[in-house]
Amino acid sequence: MLLSGRGSNFRAIAEAELPIDIVAVISNRPQAAGLAWARERGIQAVALDHTEHADRAAFDALLADEIERHCPDLVVLAGYMRILSPGFIARFEGRLLNIHPSLLPMFPGLKTHERALAEGVKIHGCTVHFVTADLDHGPIVIQAAVPVRGDDTPDTLAARVLAQEHRIYPQAVRWFAEGRLAIRDGRVNLKDNSTSQSVLATGA
């Protein structure tokens, strides 16, 4: 589990009673609140300060080595606020999940809620996807949509989207743990016995 701040999505996953063991939580910010929360619950928490390293590639190599020391089947980005280098992504291809606060491919990058309101969209939301070298454009696992209200501000819209993040990210991790996610031709299918389906959740 990688995070940079409070780790609310990490908490949602940890509290969801999933068939997983969280073997470690790693942050590039030593004072991240998510690390303290992990330690309080007996989860190994590791701080690797990115400011102490000369460049992104050097830090990502160290981060990747630390991750592999714990032998995870899945690496979950839970509010990890750094762009990952291609070399790092290649080491964990197919087992690296992220959540983004928009309905990708719309609004990749930052300030998604402000941009959604500025564009006047009627539906906004969040996306869990596998990470690739293309920023915020990996194969989509699940999305949740929320209506945009006439009196919304970036903060009110963000709060409703975050509630959906806390719902769909644990679900995506569960599916991975159950071996139900299959990537074919750049798309994710959810395996259900003999059938496959795509998933869109909705929220208030």
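Among all residue pairs at least 6 apart or on different chains, which show Cβ distances below 9 Å where the first residue, located in segment 160-179, is on the phi < 0 side of the Ramachandran plot and the second is of a type in the set (D, E, K, R) and at pLDDT 95 or above?
Arg160/Arg149; Arg160/Asp152; His166/Arg11; Pro170/Glu15; Arg174/Arg180; Phe176/Asp73; Phe176/Arg95; Ala177/Asp73
Using beta carbons and a limit of 7 Å, which pairs, at least six apart or on different chains, have the first residue in segment 74-86 and under 20 Å from Ile20 (Cα atoms) and the second one of a type in the set (D, E, K, R) and modelled with pLDDT of 95 or more?
Correct list of pairs: Leu74/Arg95; Val75/Arg95.
Spot the failing condition for Thr112; the list is (1) hydroxyl-bearing (Ser, Thr, Tyr); (2) assigned by TED's automatic domain parsing to the domain that holds Gly34; (3) within 28 Å of Val148 (Cα to Cα), and only one is missed.
(2)
Can you give me the ranges of the helices (runs of 4 or more DSSP H) entirely in segment 20-138 with at least 3 residues that are under 26 Å from Ile183 (Cα atoms) and among the hydrophobic types (A, V, I, L, M, F, W, C)?
Details: elements: 33-40, 56-69, 86-91, 112-119.
Of the helices (runs of 4 or more DSSP H) lying wholly inside segment 20-138, those with at least 3 residues that are under 26 Å from Ile183 (Cα atoms) and among the hydrophobic types (A, V, I, L, M, F, W, C) span 56-69, 86-91.
The values are calculated or read from the model by the stated rules, or taken from the named source; none is laboratory data. Because the structure is predicted, anything quoted here is derived from the model rather than measured. Every residue, glycine among them, receives a Cβ derived from its backbone with ideal geometry; neighbour counts consider all protein chains shown.
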